[in-house]
1. For Thr41, are the conditions met, namely being surrounded by fewer than 18 Cβ atoms within 10 Å (Cβ to Cβ), β-branched (Val, Ile, Thr) and modelled with pLDDT under 80?
2. How about segment 243-295: which of its residues are more than 22 Å from Lys190 (Cβ to Cβ) and of a type in the set (A, V, I, L, M)?
3. Please go through segment 447-487 and pick out each residue that is touching a Ser or Thr at 6+ places or on another chain (Cβ under 8 Å) and among the β-branched types (Val, Ile, Thr).
4. Restricting attention to segment 223-234, does a residue exist that is within 31 Å of the chain's Cα centre (by Cα) and not polar (S, T, N, Q)?
5. Within segment 163-195, which residues are within 19 Å of Thr231 (Cα to Cα) and more than 59 Å from the chain's Cα centre (by Cα)?
6. Would you say Asn471 is at pLDDT below 90, buried (at least 21 other Cβ atoms within 10 Å of the Cβ), of a type outside the set (Lys, Arg) and more than 28 Å from Arg353 (Cβ to Cβ)?
7. For residues that are in a helix (DSSP H, G or I) and loosely packed, with under 10 Cβ neighbours inside 10 Å, tally how many sit in segment 608-644.
8. Would you tally the residues in segment 771-829 being among the small types (Gly, Ala, Ser) and within 38 Å of the chain's Cα centre (by Cα)?
Amino acid sequence: MSMRARQKIRAPRRGLPANGGTNDFELNWKTLSGSLSRIHTKDASELSFEQLYRNGYTIVLIQRADELYDRTKQLEKEWLCGEVQRRVIAGISPSLLLAKEVVDVQDQATERREAGERFLSVLKEVWDDHQTCMKMITDVLMYMFIVEKDRIMSQKKVSIYSAAMALFRDNVLRASMPSSDNISVADVLKSTTLFMIQLERSGHMIDRTLVHHCVKMLEGLYETETEEESTKLYLTSFEPDYLEASAAFYRAEGKRLLETVDAATFCAVVYDRIAEEKERCSYTVSNLSESKIKEILDNELIRNNLAEVINFEGTGVRVMLDQDRINNLSKIFALSARVDPKKNHLTAAVSKRIVEMGNEINAASFALAQTSAPSKSSAPDAGQKKDKEKEKEKPVNQVTSSAIKWVDDILALKNKFDDIWKNAFDSDQVLQSAITTSFSSFINSTPRSSEFLSLFFDENLKKGIKGKTENEVDSLLENGITLLRYIKDKDRFEAYYKKHLSRRLLMKRSMSMDAERQMISKMKMEVGNQFTQRLEAMFRDMTISEDLTSSYKNYVREQGDPDQKRLELDINVLTSTMWPMEIMSNTKDGQIELPCIAPKEVETVKQSFEKFYLNKHSGRKLAWQHSMGTADIKATFHRSNGKVQRHELNVSTYAMIILLLFNNLSADESLTFEDIQARTRIPDNDLIRNLQSLAVAPKTRVLKKEPMSRDVKPTDKFYFNNDFQSQFLKVRIGVVSGGANKVENQDQRKETEEKMNNERGGSIEAAIVRIMKQRKKLTHTNLISEVLSQLSARFVPDVNMVKRRIESLIDREYLERVAEEPPTYGYVA
């Protein structure tokens, strides 16, 4: 199917006048100019636009298009300079001329607003009329541009519409006021518009549509006839002053708010201003300025004042954190994130408050421990009331409870800030890092943090999980692991945890072995396999010992032991390198202690087990740890009234050895402290504590002490107490103030520090050798850096200690110096 060619506008085929068209041009232009004027005066209802089009068409045919273009421009200029300019200037009242600069909006606001609205209405009307008329005129002269477009463009002429817009700019907006050559209509427009905007910002009602229309006029006019986007009058002549006035307004607004409102109100006002300005750009001014106004708000109202708002005394972030004002904190966070990706001021304030609150917890715990320290004064006599004795026992428990309270308080603080971080800080990673660092800072600022955390686990795994569901136990352990993440010296925590775990395992005080293993599993996931190797080895020893005990009992039965009163033995064989040193050590103050002397019946069982064990494991050596054992013994009490009472006593191994000494004594015979020590070789401290348990503790006085006092002296005498009474058949006699699950005193802590330093020294040397064996040669600085990096997961090494260990390895020829500048070490194979 063939396509028809597009129809073109063609001139009617008629002959041209012989005189070259001069008369036709003047005749047609006279008709055209008169009609164009009638269009401007809104008297075009009777005009024939088809005829006008033909007039313009005829002028183009006779090659007079340029002259038509120029005369049309001149006609428009005369119209704008005459009638339009007079109308606009007449609409400007004297109050607007005085208001060229933006002044106090409260000063005659109503009068100036009304005058401004009248002026803007006139300007809007003449601008709308001008646009409407020029569209009609452009249509009338359309053929001029259809035919002559290329030639007009080559002469760098714009359309008659664009030219008319430029004429409006030059002859209306830039027209000088009769009273002052320095003030133009555009100046009055700008000052009036800025005044209206400032009125609205101050809470007054304005005609937003009218202002917006005049701003749109500025967007539709350009500095040049080429009409490039960057040359819009709005951008070149209005926006700079608009932004400057906005900056000044919000600068003053910020200062005013700082002086008159609290932090929460400041944030609320800022949020309102942000919403207002966004709406203002859409409905009053121009969206072209939205991003720039946002920057002004960010700079003048937020960034310049944020630090002061955050640190407001009595209403700032500190108070918001203390009172859990999530909504206010959320606003502070959003404003901070808006102007500072790193949120420096907010993170500093949050970190400071966390450290302060943490230090308060540390101080409270220390104060509780200090006020609860046991008194060294002698205890009351036996005749005093029981509540006096309870009062004497209470401080030791309070010292331990201070450690538990320390952990509970920190966990409560952690939960508080986790909630704030999630709900107010939008789970922000920068804030999370700051919170983590702050908790780590105050937790590691106290040397007791590792010990306290271990005591927390110890108390809960012994009795704290009783009655709890599996989920509750898991949550409790997870809370403890959370604090473990913050502790830098994890090797110190490991030492305390091993000590407390060993007591729980050997004394069978753990509430749940499943919970114990769950705890080890969580620690392995958190700090690695190396951290839990020894702890897992302790559990393996306990499992192997159960099988070993069972095998030994079978061995005894097979031997057919004739002794019917033979002691039954449940044995725990411990690997010496895996258990705490204080348990496995047989030294005190550097001196080797002689082994405890056990009664004959006990010694027989010991020798029997040694023979059984060494037959199975030749080459090994057993060292008996009486301090860690317990015994169940049957005791018979002959009352003075002739009655006989029997009880089953659960006591420590030392207490069993002490009680067996009284088997061969009559009721009136006694043993002194020195006698018992000589016959048993029990260490002084352990002997005192066990005697206190047997003779001083009110409910477990199986022995009588003369004279009766809390302190045990070398000359004190001890008798078997046949008058002992208890409502229970089975009586458990614990060892008083054992210290295994108590807070260490200063001497014990000093001893622990020395052990930790020795262990750390070995770890540092191992890391140095490991690194140098791999690298062969390394500078001093790089070696120090790599050692610190490798060991940071377990503890924070002291740089001076690392230097001393390097020197020690050089002296022992593991390393050598290969250069002085910079100091460099080499590995000696």
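The values are calculated or read from the model by the stated rules, or taken from the named source; none is laboratory data. As the structure is a computational prediction, the values presented were derived from the model and not from experiment. Reconstructed Cβ throughout: ideal geometry from the backbone, glycine too, with neighbour counts over all protein chains shown.
1. Working: surrounded by fewer than 18 Cβ atoms within 10 Å (Cβ to Cβ): yes; β-branched (Val, Ile, Thr): yes; modelled with pLDDT under 80: no.
Taking the combined requirement at face value, the residue does not satisfy it.
2. Listed by number, the residues that qualify are Leu257, Leu258, Val261, Ala263, Ala264, Ala268, Val269, Val270, Ile274, Ala275.
3. Residues satisfying the conditions are Ile465, Val473, Ile487.
4. Going through segment 223-234, the residues within 31 Å of the chain's Cα centre (by Cα) turn out to be none.
Among the residues of segment 223-234, not one is within 31 Å of the chain's Cα centre (by Cα) and not polar (S, T, N, Q), which makes the answer no.
5. Correct list: Ala163, Ala164, Leu167, Phe168, Asp170, Asn171, Val172.
6. Working: at pLDDT below 90: yes; buried (at least 21 other Cβ atoms within 10 Å of the Cβ): no; of a type outside the set (Lys, Arg): yes; more than 28 Å from Arg353 (Cβ to Cβ): yes.
Judged against the criteria, Asn471 is not a match.
7. Here is the first cut: in segment 608-644, the ones in a helix (DSSP H, G or I) are 608-616, 626-628.
Filter once more, keeping what is loosely packed, with under 10 Cβ neighbours inside 10 Å: 615.
Of the residues in that region, 1 qualify.
8. Step one: list which residues in segment 771-829 are among the small types (Gly, Ala, Ser), which gives 785, 789, 792-793, 808, 819, 826, 829.
Remaining after also requiring within 38 Å of the chain's Cα centre (by Cα): 785, 789, 792-793.
Total meeting the criteria: 4.
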